[in-house]
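My structure is below; once you've seen it, I'll send some questions.
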Amino acid sequence: MNIKVIAFDADDTLWVNEPYFRAAEERFCSLMGEYLSRHTIERELLKTEIDNLTYYGYGIKGFVLSMIETALKITDNAVQVEIIEQIIALGKQMLDEPIELLDGVVEVLEELKDNYRLVVATKGDLLDQERKLKKSGLSSYFHHIEIMSEKDDANYLKLIKHLDIHPSELLMIGNSLKSDILPVLNIGAFGIHVPYHITWAHEQIEHSIDNERFRSVLDIKEILAFL
């Protein structure tokens with residue numbers, strides 16, 4: 001590999017994220033438990049979230065709006081105002097959660113910072129992701145921050161053009177095979193998958209990846225062996 005730039009996903013690669021969504025979803029299911037079974041509520045919420053991605057994108061704000069819409073749907077617009085207030089409070093609580101860095105992240109960034117250009121390549125709400133990066137204390141490690149509306153081939157190509165590198169000079173590291181790995185492999189870059197113990201259903205894929213530019217590790221510190 002002739003890597004010049006190493007890009008890191010943010011949520012569940014650098015810091016904890018998905019568990020906060022799961023906790024909020026559990027609370028939402030409890031709030032709506034008198035109307036439907038937990039499984040059905042989860043299924044309806046996921047469907048609403050996916051349907052709303054084109055409107056709201058990824059992030060907490062869109063998630064809150066999807067919870068409110070789901071509550072209206074499953075109650076036939078009869079949901080109590082108090083429940084809407086509690087859903088909004090859930091969203092604010094999520095936005096106020098502390099940033100918990102994952103084990104090994106600082107060690108890896110310290111090891112790589114002098115030999116590569118490091119960037120963050122993430123998706124989600126601009127304000128929320130900027131806030132999390134600031135609270136993380138990691139900003140000084142990164143040459144560039146890219147917050148995408150969607151992680152697809154086209155947006156990774158835009159990133160490569162902005163960085164003025166060839167695709168083969170980019171290594172992407174992240175926890176999502178769908179968003180962090182498959183698109184970069186498609187454009188000729190390298191990808192290392194660092195799985196997280198919880199993955200949103202929309203980010204899961206059902207097939208394996210067989211590509212010479214792909215690696216999978218169990219711990220982020222293991223990426224150092226490939227560089």
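The values are calculated or read from the model by the stated rules, or taken from the named source; none is laboratory data. Because the structure is a prediction, the values reported are computed rather than measured. A quick note on method: Cβ atoms are made from the backbone with ideal geometry, for glycine too, and the neighbour counts reach across all protein chains shown.
Can you spot a residue in the stretch 119-137 that is more than 17 Å from the chain's Cα centre (by Cα) and not in a strand (DSSP E or B)?
Yes, the stretch 119-137 contains a residue that is more than 17 Å from the chain's Cα centre (by Cα) and not in a strand (DSSP E or B).
Taking the condition in a strand (DSSP E or B) and either of a type outside the set (Phe, Trp, Tyr) or modelled with pLDDT under 95 (or both), does Ile192 pass?
Judged against the criteria, Ile192 is a match.
Okay, residues lined up against (1) closer than 28 Å to Leu218 by Cα; (2) surrounded by fewer than 18 Cβ atoms within 10 Å (Cβ to Cβ); (3) aliphatic (A, V, I, L, M); (4) in contact with a helix residue (DSSP H, G or I) (Cβ under 6 Å, 6 or more places away or on another chain):
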residue	(1), (2), (3), (4)
Val79	no, no, yes, yes
Gln93	no, yes, no, no
Asp96	no, yes, no, no
Asn115	yes, yes, no, no
Gln129	yes, no, no, no
Leu133	yes, no, yes, yes
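Which residue is surrounded by the fewest Cβ atoms within 10 Å (Cβ to Cβ), if the candidates are limited to the stretch 47-77 and must be in a loop (DSSP other than H, G, I, E, B) and small (Gly, Ala, Ser)?
Gly57
Additional query: Going by the structure shown, is Glu44 out of contact with any Phe, Trp or Tyr (no Cβ under 6 Å at 6 or more places or on another chain) and either in a helix (DSSP H, G or I) or at pLDDT below 95 (or both)?
Yes, satisfied.
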